[in-house]
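Following: one structure in structure tokens, then a few remarks.
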Amino acid sequence: CFGIVSGALTERTKPQCYVILAFVMSGFIFPVVVHWIWGGGWLGECGVLDFAGGGIVHLLGGTIALVGASMIGARRGRFVGNYFKVQTIPFEVQSPAFNTLGVMILWTGWFGFNATHINIVQQTYSVQRIQINTLLSPAMAALTTIVVELGLSRGKNLSAEHVMSSVRIGLTGVTSSCAFIEPHFAILIGFISSFIYLGGSKLIRQFKIDDPVDSCAHFFGGIWSMIAVGLFSKEEFIAQSVFNYNHKGFYGIVYGGDGTLLGWQIVAIITIITWGLVLSGPTFQFCKLINLARVDEETEVYGLLAEGEKQIVKGVDENQNVDNVGYQQKFEQQREAMLKQQEEYRKVQEKKNRENEQNTYSSSANGAQLVFVAN
């Protein structure tokens, strides 16, 4: 859960803030939600189902991540423009290869993460179903994103980062229901997850929320994961996978359910988001008040380095004195390069907007001429 949050705050947050947040999350936020659903709490007693943590882990972590990213603020130079007319300055991805490798390792671990939540080990068919669904949903999400991005760009643009984030939201989207659904519904969940990610990622940027690793995939995916339980869960599979579940008639709408399960899933979604917001918001505000939230501009632009590493980067003269002048020059060069990149991107976007306006005007004029000739 904390790993989701740390990714959204990367590149501008002080280590002390991570420590304080980890203490609050592990001591007060996460255990309460676990008890409410998995530990015999009121949500579990009301029939809420979250088989492997789509809501408990991913929705809660995604909520705290977005709260933190919003309160700490975006990385410098990340956004240009006002709300709902925001242009995002693309930052260079350090290593798409390592990003892909990390997601593949995560995906492999997810098979164990989902399957080991089964309460009755002897239920071989339940385990097999979980593994198949854990494979199909993210695969479909990634494939859908590939097709959509290539289609929109006419085959010219495909982001490996977006594809990997689609894998993550596909995994998140099927986590709550992986033991309760047929494989063809896992494919449908993955297909819809792709569009949820692509839309959700664009939406938060319009609010100037800077999420370097797209932790929003866990937030929106967690919501979808909980809803999918109320839509596609099969009563027989719930009985097989959940020990002593005594809520008769609680199953998916597609199988004739009356919507009671879906209703309680939505109540759980609202509860999880509210709990995460109410406790994490004051925590981040406290860190800001004592100046432990965000690093200074120099540290952010040049990099989050330890003091010893900074001295190595700065260099030393023959008397072992730190070369502050040379370091300051490097810092200014880095800062100017960032501002220059921002200005160049703004000019390119303005040029594209002018060209689009001219094309629109030309099309309208040509259409008017055709109408006049026809008359």
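Answer yes or no as to whether G40 is outside any helix (DSSP H, G or I) and loosely packed, with under 13 Cβ neighbours inside 10 Å. Against the criterion (outside any helix (DSSP H, G or I) and loosely packed, with under 13 Cβ neighbours inside 10 Å), G40 qualifies. What residue, of I130, I72, I89, is crowded, with 17+ Cβ neighbours inside 10 Å and closer than 30 Å to W264 by Cα? So the residue among I130, I72, I89 that is crowded, with 17+ Cβ neighbours inside 10 Å and closer than 30 Å to W264 by Cα is I130.
Exactly one residue among A179, A186 is buried (at least 24 other Cβ atoms within 10 Å of the Cβ), outside any helix (DSSP H, G or I) and either among the aliphatic types (A, V, I, L, M) or out of contact with any helix residue (DSSP H, G or I) (no Cβ under 8 Å at 6 or more places or on another chain) (or both), and that residue is A179. Every listed requirement among (1) under 21 Å from the mean Cα position of the chain (by Cα); (2) modelled with pLDDT of 90 or more is met by L43 save one, (1).
For (1) surrounded by 17 or more Cβ atoms within 10 Å (Cβ to Cβ); (2) in contact with a Phe, Trp or Tyr (Cβ under 9 Å, 6 or more places away or on another chain); (3) within 19 Å of S165 (Cα to Cα), each residue gets a yes or a no:
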position	(1), (2), (3)
K14	yes, no, no
G27	no, no, no
G47	yes, yes, no
I64	yes, yes, yes
Y83	no, yes, no
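Residue pairs, Cβ under 7 Å, 6 or more apart or interchain, first in segment 13-39 and farther than 20 Å from K288 by Cα, second not in a helix (DSSP H, G or I). List them. Close Cβ pairs (under 7 Å, with a partner that is not in a helix (DSSP H, G or I)) amount to F30/C1; H35/G41; I37/V48; I37/D50.
Annotation note: Cβ proximity below 6 Å between a residue of segment 238-266 that is of a type in the set (F, W, Y) and a residue that is open to solvent by 70 Å² or more (accessible area, probe 1.4 Å) (sequence gap 6+ or interchain) occurs for F243/N119; Y251/E235. The set of residues in segment 151-176 that are of a type in the set (A, V, I, L, M) and assigned to a helix (DSSP H, G or I) comprises L152, A160, V163, M164, V167, I169, L171, V174.
Please tell me if G109 is in contact (Cβ under 8 Å) with a residue 24 or more places away in the chain, in a helix (DSSP H, G or I), among the small types (G, A, S) and surrounded by fewer than 22 Cβ atoms within 10 Å (Cβ to Cβ). Taking the combined requirement at face value, the residue does not satisfy it.
Looking only at segment 214-255, residues that are part of a loop (DSSP other than H, G, I, E, B) and among the aromatic types (F, W, Y) come to 4 in all. The set of residues in segment 256-279 that are surrounded by fewer than 17 Cβ atoms within 10 Å (Cβ to Cβ) and part of a loop (DSSP other than H, G, I, E, B) comprises G256, D258, G259. Being farther than 12 Å from R205 by Cβ and of a type in the set (A, V, I, L, M, F, W, C) is the filter here, so list the residues in segment 67-87 that pass it. Once the filter is applied, which keeps residues that are farther than 12 Å from R205 by Cβ and of a type in the set (A, V, I, L, M, F, W, C), segment 67-87 yields V67, M71, I72.
The values are calculated or read from the model by the stated rules, or taken from the named source; none is laboratory data. Remember, predicted model here, so these are calculated numbers, not experimental data. We place every Cβ from the backbone using ideal geometry, glycine too, and count neighbours over all the protein chains shown. Heavy atoms of the whole protein, side chains included, go into the accessibility calculation; ligands, DNA and RNA do not. Shrake-Rupley method; radii C 1.70, N 1.55, O 1.52, S 1.80 Å.
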